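Note sheet for the following structure.
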Amino acid sequence: MSETHQTDPFGRLELNGPAPDFEANSTHGPLRFSEWAGGKWVILFSHPADFTPVCTTEFIEFARRFEDFEKKGVKIIGNSIDSHYSHIAWVRNIEEKFGVKIQFPIIADVDMKVARLYGMLHEPSSTTAAVRCVFFIDPGMRIRAMVYYPLNVGRNFDEIVRVIDALQTVDAHGVSCPADWKPGEAVIVPPPGTVQDAEKRVKDPGLNVTDWYFSKKTL
C-alpha cells in the first residue's frame, strides 16, 4: 500500500474512512504502518511530549493493560513530535522509576509527518505538540472511532477498552451498543426497515421488545 492522504477535500479524517498509511522510524525500528498492523485492530495514539507527567501516567496505563489488549487482538502504537533517542530514554526512565516496561513501539515524528497526516496538531492548543488523539483502526485499515483530549487532561482508559469491546461486538454480531454499554450487557437489535418486519418484530419472543423500533437482546 502506498502512502495515502485523506480523500476529503478539506483534509479531514472520517469515520469508516481509510487510515492513512506511512513509513516512520520508531523505538522498534523502521516500519510501514499497514504492514506493522498486519490485519489486526490498532490503537494509534499521540501524546504531547516525552518526559511530561500526564503522558507518563498514560504510558504506564497503556503498559499495564498491554496484555489485555493483546488478548483482544489489538496492537498499540504511540506517536509524538520527539526523536527516537528521546523516546528510548523516556521508555528506559519509566521502567527505572516506575517499574513498568513499555512493550509497544513509539513513532519518532520530528518532522511532524504523522502528526499532520492524522490531524494531531491543533494550532489553538499548540503548533509544536500533538494533542491527545486516539484512533481506533480496524483490520481493514478503516478508522472506526476517534477521541481527542486536551493537553492537560489524561485519557480514560476504561473508555478506550469499552470502545474496542463495543466495536468488536457490533462487527461480530451485527448489532449496536447502547449508551454506557459494557461487555455482558444487552445489545440493541437494528430496527426493522419495513412495515411487515415491524409487525414481526413486536411479536418476536427472542427479543426484549419495548416497541417496534427499540429492541434488545443478550448475546
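What follows is calculated from the coordinates using simple rules that are stated; it is not laboratory data. What you are looking at is a predicted structure, and each value in this text was computed from that prediction instead of being measured. Methodologically, a virtual Cβ is constructed for each residue, glycine included, from the backbone with ideal geometry; neighbour enumeration extends over all protein chains shown.
For the stretch 117-123, in order, what is each residue's ³J(HN,Hα) by Karplus, 6.51 cos²θ - 1.76 cosθ + 1.60 with θ = phi - 60°, in whole Hz (x at glycine and Pro)?
4, 9, x, 7, 8, 10, 4
Report ³J(HN,Hα) in whole Hz for each residue of the stretch 211-217, in order, from the Karplus equation J = 6.51 cos²θ - 1.76 cosθ + 1.60 where θ = phi - 60°; Gly and Pro get x.
7, 4, 9, 10, 9, 10, 8
Rg to Rh for the stretch 174-217: what is it, with Cα atoms only and Rh by Kirkwood? Before the final figure, lay out the partial values.
On the way: Rg = 10.7 Å, Rh = 10.8 Å.
A ratio of 0.99.
Would you please give the residues with an amide H less than 5 Å from that of Arg144, counting only those at least 5 places away or on a separate chain, with H modeled from the backbone geometry?
The list, which skips near neighbours in sequence, is Asn16, Phe136, Ile137, Asp138.
What number, in percent, do you get for the relative contact order of the chain if the mean sequence gap of Cα pairs under 8 Å and at least 6 apart is divided by its residue count?
Working: 373 pairs, mean separation 42.2, N = 219.
Across the chain, relative contact order equals 19 percent.
Semi-axes, largest first, in whole Å: what does sqrt of 5 times each Cα gyration tensor eigenvalue give for the stretch 76-219? Walk me through the intermediate numbers first.
Values: eigenvalues 358, 59, 32 Å².
Equivalent ellipsoid of the stretch 76-219: 42, 17, 13 Å, largest first.
With θ taken as phi - 60° and the coefficients 6.51, -1.76 and 1.60, list the Karplus ³J(HN,Hα) couplings across the stretch 196-203 in order, rounded to whole Hz; mark glycine and proline as x.
Per residue, the Karplus-derived 3J(HN,Hα) values read 5, 5, 5, 5, 5, 4, 5, 9 Hz.
What is the gain in length, in nm to one decimal, between Ile188 and Glu23 on full extension, counting 0.36 nm per residue of separation less the C-alpha to C-alpha distance?
Details: separation 165, 0.36 × 165 = 59.40 nm, distance 3.96 nm.
My answer for the length gained is 55.4 nm.
Of Lys113/Lys182; Lys75/Lys182; Lys71/Lys182; Lys182/Lys216, which pairs sit farther than 24 Å apart, going by alpha carbon to alpha carbon?
On the way: Lys113/Lys182 36 Å; Lys75/Lys182 21 Å; Lys71/Lys182 17 Å; Lys182/Lys216 14 Å.
Those over the limit are Lys113/Lys182.
Sequence-distant or interchain residues sharing an amide H contact under 5 Å with Val100, placed H: which?
Counting only residues 5 or more places away or on other chains, the set is Glu95.
How would His87, His47, His28 line up from fewest to most surrounding beta-carbon atoms within 10 angstrom?
Values: His87 23, His47 28, His28 14.
Ranked by crowding around the Cβ, least crowded first: His28, His87, His47.
Bin by bin, in steps of 10 Å, what percent of the Cα pairs in the stretch 23-155 do you find, going until the bin that has the longest distance?
Computed distribution, short to long bins: 13, 46, 37, 4.
How would Arg144, Arg65 line up from fewest to most surrounding beta-carbon atoms within 10 angstrom?
Numbers: Arg144 21, Arg65 17.
Going from least to most buried by this count: Arg65, Arg144.
Would you list Leu219, Leu13 from fewest to most Cβ contacts within 10 Å? Please list the in-between numbers first.
Values: Leu219 11, Leu13 18.
The order, fewest Cβ neighbours first, is Leu219, Leu13.
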